[in-house]
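Novice: Please read through the structure below; I'll follow up with questions.
The values are calculated or read from the model by the stated rules, or taken from the named source; none is laboratory data. Keep in mind it's a predicted model, so treat the numbers as computed, not measured. Quick reminder, even Gly has a Cβ in these numbers, built from the backbone with ideal geometry, and neighbours come from all protein chains shown.
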Amino acid sequence: MKIKRRASKGILLKAPWELERLRTANKIVCEVLELLQNSCEPGITTKDLDRIAYEFILSRGAKPAFLGYRGYPATICISINNEVVHGIPSDSRIVEEGDLVSIDIGAIYKDYVGDAARSFSVGTSNDAVRRLLTVTEQALYKGIEQAIPRNRVGAIGAAIQEFVEAHGYNVVKKFVGHGVGRSLHEPPEIPNYGNPKQGPMLKSGMVLAIEPMVNEGTGDVVILDDGWTAVTADGKLSAHFEHSVAVTDNGPEILSKK
Ligand code: MF3
Ligand code: CO
């Protein structure tokens, strides 16, 4: 094994063979997200969805990345309506028509972690939900566009924040995106706000999990007594989209795709 190249501030650059494993890990995550979205009909419990994800990940020769991470008790994070992130699957939480559901999944394939999230509505949705979903997903792509060599990390968050606020919403500042590789969370941190001239400089070979959390109301969140579930402080809706992206000389490569 050759010595790993290191960028500034402990940010690990991935070799082509590592990117290949990250592609596979993220493809599996993407397939689970697709499967869960298709399974997410009114009446199903969030624990049912967690079991579906667990079985699928194992069947693909991978392992859940979140299960046991800092004591997290499940395969997926599933956060509904006013819940922002880190909702814990439960046998008593039943998905209902019109719910805005956010699902975040990590899978480890041959020691490399895939990480992605998406939000969607169950059944027919109202205009408010549809608009929040569209703006949040578009904000993710605005951030991804900035994931190019010689940009600074701040360019990603600045693009996301500008887009989100221009649409009358607010980003959540308490949680950030991150580098990803052998570990779920590697440097650098990737805030969904900031200044394009600040932060570490991006280099080809970095892999970044970019993940805007967007609130209908203020960006403030509160953590529930379970120690995990983050909810909006004002009770309004929140959405979350995440892709793992490789920085390359040919532009951003989204790893978490089919
Ligand atoms: N959703 C987080 C992320 O994308 C990770 C979840 S941590 C866990 O970075 F502990 F909840 F699993
Ligand atoms: Co992540």
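Novice: Return yes or no: is R131 surrounded by fewer than 18 Cβ atoms within 10 Å (Cβ to Cβ), part of a helix (DSSP H, G or I) and out of contact with any helix residue (DSSP H, G or I) (no Cβ under 7 Å at 6 or more places or on another chain)? Outline the logic, then answer.
Specialist: Working: surrounded by fewer than 18 Cβ atoms within 10 Å (Cβ to Cβ): yes; part of a helix (DSSP H, G or I): yes; out of contact with any helix residue (DSSP H, G or I) (no Cβ under 7 Å at 6 or more places or on another chain): yes.
For R131, the condition - surrounded by fewer than 18 Cβ atoms within 10 Å (Cβ to Cβ), part of a helix (DSSP H, G or I) and out of contact with any helix residue (DSSP H, G or I) (no Cβ under 7 Å at 6 or more places or on another chain) - is met.
Novice: Could you list all residues from segment 78-128 that are within 12 Å of ligand 1 (Cβ to nearest atom), closer than 16 Å to E41 by Cα and among the hydrophobic types (A, V, I, L, M, F, W, C)?
Specialist: Passing the criteria: I78, I103.
Novice: With the condition being within 16 Å of ligand 1 (Cβ to nearest atom) and either farther than 26 Å from L13 by Cβ or touching a strand residue (DSSP E or B) at 6+ places or on another chain (Cβ under 9 Å) (or both), I'd like the strands (runs of 3 or more DSSP E) fully within segment 193-258 carrying at least 2 qualifying residues.
Specialist: Fully inside segment 193-258 and qualifying: 207-210, 213-215, 221-223, 230-232, 238-240, 243-248.
Novice: Could you look through segment 167-192, keep only residues that are part of a loop (DSSP other than H, G, I, E, B) and β-branched (V, I, T), and pick out the one that is nearest to the chain's Cα centre (by Cα)?
Specialist: Residues of segment 167-192 that are part of a loop (DSSP other than H, G, I, E, B), as a first pass: 167-169, 172-176, 180-185, 191-192.
Next, from what is left, pick out any that are β-branched (V, I, T): 172, 176, 180.
Values: V172: 13, V176: 10, V180: 11 Å.
Once the filter is applied, the top-ranked residue is V176.
Novice: Considering every residue within segment 68-75, establish whether at least one is modelled with pLDDT of 95 or more, in a helix (DSSP H, G or I), away from ligand 1 (no atom under 12 Å from the Cβ) and not small (G, A, S).
Specialist: So far as segment 68-75 goes, no, none of its residues is modelled with pLDDT of 95 or more, in a helix (DSSP H, G or I), away from ligand 1 (no atom under 12 Å from the Cβ) and not small (G, A, S).
Novice: Could you say whether any residue in segment 155-164 is under 30 Å from G43 (Cβ atoms) and of a type in the set (D, E)?
Specialist: Just the residues of segment 155-164 that are under 30 Å from G43 (Cβ atoms), to begin with: none.
No: zero hits.
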